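Let me begin by presenting the structure, written as structure tokens, before commenting on it.
Every number here is computed from the coordinates shown, using simple stated rules; none is lab data. Everything numeric here is computed off the predicted structure, so don't read it as measured data. When we count neighbours, we look across all protein chains shown, and the Cβ atoms used for this are built from the backbone with ideal geometry, even at glycine.
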Amino acid sequence: MQSKHARLVIVSASTSHASGTRIPAKDAYTSYQFQRRRTYAERFGTGWLIFSAVHGLLAPETEIDPRYAPTRWIQVSSGTLTDQLRSNRAAEFDLIELIAGRDYLDALRGPAQELGLRLTAPLVGRAAGMGEQTFLIAWRLRVGVPFDPLDDHGVA
């Protein structure tokens, strides 16, 4: 069991590396936006996952074929996301912090509620586009303080 106040950070995936071999998910996504999100998750999360629109929730070391074209539309069912939250032991964390936009929150809200998880999405309702989101994440990294779950616009 994780310690009190454990935070599982889930970050959205973005542009993937075009490679013919399977590589860890954490290395498959190469955009600046993803790198900022990854740094945030590694710094402030007790654990972290990647939310791929194609694969669903991935542990950072999970090997994937990065040749799948990224898509804006989430192609993973609610049941699959619920199973992935269970298999990644999300219930052991006090807080699930989603560093992603509204589409990802909408997809994850039902599974999180079904499992009784506390889900927060601090960028939803606060930042309109990727540039603004990346700025807010970079600022949090610079000051060394994670988003406050009590000051959240996207509580599920």
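Work from the charge dipole of the range 7-143 (Cβ charges, +1 for Lys and Arg, -1 for Asp and Glu, about the Cα centre) and give the residue of Thr21, Val9, Gln133 farthest towards its positive end.
About the Cα centre, the residue reaching furthest to the positive side is Gln133.
Rounded to the nearest 0.05, what FRET efficiency do Ala91 and Tyr32 give with R0 = 35 Å and r taken as the Cβ-Cβ distance? Could you check?
Working: r = 33 Å, r/R0 = 0.93.
It comes out at approximately 0.60.
Provide Ser87, Ser31 in ascending order of the number of other Cβ atoms located within 10 Å of each residue's Cβ, fewest first. Intermediate values should be presented prior to the final figure.
Working: Ser87 10, Ser31 16.
Neighbour counts put them in this order, fewest first: Ser87, Ser31.
Out of the trypsin sites (Lys or Arg not before Pro) in the range 16-67, which ones are loop residues according to DSSP with at most 13 other C-beta atoms within 10 Å? Before the final figure, lay out each step's value.
Values: sites: Arg22, Lys26, Arg36, Arg37, Arg38, Arg43, Arg67; in loops: Arg22, Arg67.
Counting only loop positions with at most 13 other Cβ atoms within 10 Å, the trypsin sites (Lys or Arg not before Pro) in the range 16-67 are Arg22, Arg67.
Let me check against my output: what whole-number percent is the relative contact order of the range 7-143, with C-alpha pairs under 8 Å and at least 6 apart?
Details: 245 pairs, mean separation 37.2, N = 137.
Relative contact order comes out at 27 percent.
Restricting to DSSP loop positions (anything but H, G, I, E, B) with no more than 13 other Cβ atoms inside 10 Å of their own Cβ, which chymotrypsin sites (Phe, Trp or Tyr not before Pro) remain in the range 22-114?
Numbers: sites: Tyr29, Tyr32, Phe34, Tyr40, Phe44, Trp48, Phe51, Tyr68, Trp73, Phe93, Tyr104; in loops: Tyr68, Trp73, Phe93.
Those that pass, being in a loop and sparsely packed, are Trp73.
About its Cα centre, how strong a charge dipole does the range 7-143 have in debye, to the nearest 20, once Lys and Arg get +1 and Asp and Glu get -1 at the Cβ?
380 debye
Using R₀ = 22 Å, calculate the FRET efficiency as 1/(1 + (r/R₀)^6) where r is the Cβ-Cβ separation of Gln75 and Thr46; round to 0.05. Intermediate results must be reported in sequence, preceding the final value.
Numbers: r = 28 Å, r/R0 = 1.29.
E between Gln75 and Thr46, to the nearest 0.05, is 0.20.
Beyond 26 Å, what percent of the Cα pairs of the range 7-143 remain? Spell out each step's value before the answer.
Numbers: 1468 of 9316 pairs.
Value for the range 7-143 (Cα pairs over 26 Å): 16 percent.
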